[in-house]
Amino acid sequence: MNSKLIRLSLAGLATMILSACETPEDRQLASAQDCIDFARTAGDADRCYALVDGLDNEKAYLIRCSANYIAQGFTGERMASAFQRLKDGNGGGQSPMATAMAYLVFSNNSSVHSVDSAVLNCTRSGVRSMQRLVTMSKLATFITQTGLGGTIPANANPLDPSFDPATIQNAITNLAGTGTVDDKKNVGNIALQMNDAYCSPGSSFTGNEICLKLGDAISTGSGDAQAIGEQLLALLQ
């Protein structure tokens, strides 16, 4: 048998062995990952999400988490815009953190792809970057929706041509001034979750706008969620 034929035979044997080792779950995850890699629309996201139905592992949750963001219209450019804002100065007097949050609002009312669904999926994915991202989306969505009367107006939606990142400032001001005790407790509790995600020892975000404001709010609030929420809202104005 010549060397070329031997190599071909060995390659074929290796493929057969690897195929035999694959489980149905492996194939299900591979199909879902391939779907996510090419997903661009909410419809695409729905199909990818459905492909991991019944799976309960970190890879499946990462696919669900990714699908949640794709369904909400998130793109690499939109996320880059958000985090670029954190590096900017206080343009127009607005906190860089507040401006960054404006790009991370979930505005689609889909129950499958809600921010709460994303929090669950991204947290269970075990991927630190997604855990961080989703806590900021949670805070941004809560402040915008609650502070602007329970709905997301067009100019607070990054997908709308009229989008204005300064709109979140009105939501912050409204919530700080007329928000209920429960509203402020909610802000405080999300702030504590964000602090765990972003500001643990050794984090690259230590000294960043996010951790400085969260640290100030938590220190001032002395462990009380309402006080933490009130201080964070004050700092974001």
Working from the pairwise distances between different alpha carbons, so that the mean of 1/r is found and then inverted, what is region 95-164's Kirkwood radius in Å? 12.4 Å
Would you work out the relative contact order for the chain, in percent, from Cα pairs under 8 angstrom that are 6 or more residues apart? 15 percent
Using alpha carbons only, how many degrees (0 to 90, rounded to 10) separate the axis of helix 209-221 from the longest principal axis of the chain? 50 degrees
Counting only pairs 8 or more places apart or on different chains, how many lysine pairs in the chain have C-alpha atoms closer than 26 Å? 8
Applying the Karplus parametrisation 6.51 cos²θ - 1.76 cosθ + 1.60 with θ = phi - 60° to the phi angles of region 48-59, what ³J(HN,Hα) value in whole Hz is obtained for each residue in order, glycine and proline being reported as x? 5, 4, 5, 5, 9, 4, x, 8, 10, 9, 4, 5
Please quote Rg/Rh for region 44-137 to two decimal places, taking the Kirkwood radius as Rh and restricting both calculations to Cα atoms. 1.03
Positive minus negative residues near F106 (Lys, Arg vs Asp, Glu; Cβ under 13 Å): +1
Can you compute the modelled spin-label distance between D196 and S111, with each label point 7 Å from Cα toward Cβ, in nm? 2.7 nm
Under the 0.36 nm per residue contour assumption, what length would be gained going from the current alpha-carbon distance of S203 and E58 to full extension? 50.0 nm
Which value, in debye to the nearest 20, describes the size of the charge dipole of the chain about its Cα centre when Lys and Arg Cβ atoms bear +1, Asp and Glu Cβ atoms bear -1, and nothing else is charged? 520 debye
On full extension of the chain, what length is gained from A50 through V181, given 0.36 nm per residue of separation minus the C-alpha to C-alpha distance? 43.3 nm
Give me the angle, in degrees from 0 to 90, between the Cα long axis of helix 167-178 and the longest principal axis of the Cα atoms of the chain, rounded to the nearest 10. 50 degrees
Residue-ordered couplings for region 74-81, obtained by feeding phi - 60° into the Karplus form 6.51 cos²θ - 1.76 cosθ + 1.60 and rounding to whole Hz (Gly and Pro as x), are 6, 10, x, 5, 5, 5, 4, 4
Potential extension, F83-S162 segment - 0.36 nm per residue separation minus Cα distance: 26.4 nm
Project the alpha carbons of the chain onto their principal axes and report the range along each, largest first, in whole Å. 82, 39, 32
Mean shadow area (nm²) of the C-alpha convex hull around region 113-228 is 7.8 nm²
Could you tell me the center-to-center distance, by alpha carbons, between region 31-91 and region 96-147 in angstrom? 12 Å
Between S222 and N170, the FRET efficiency computed from the C-beta separation at R0 = 35 Å comes out, to the nearest 0.05, as 0.75
I need the per residue convex hull volume for region 152-215, using only the alpha carbons, in cubic angstrom as a whole number. 114 Å³
Within the chain, helix-based [θ] at 222 nm, where runs of 4 or more DSSP H residues each add -39,500 (n - 2.57), nearest 500: -22000 deg cm²/dmol
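None of the figures in this text is laboratory data; all of them are computed from the coordinates on show. Since the model is a prediction, treat every value here as computed from it, not as a measurement. All Cβ positions, glycine included, derive from the backbone under ideal geometry; neighbour counts span all protein chains shown.
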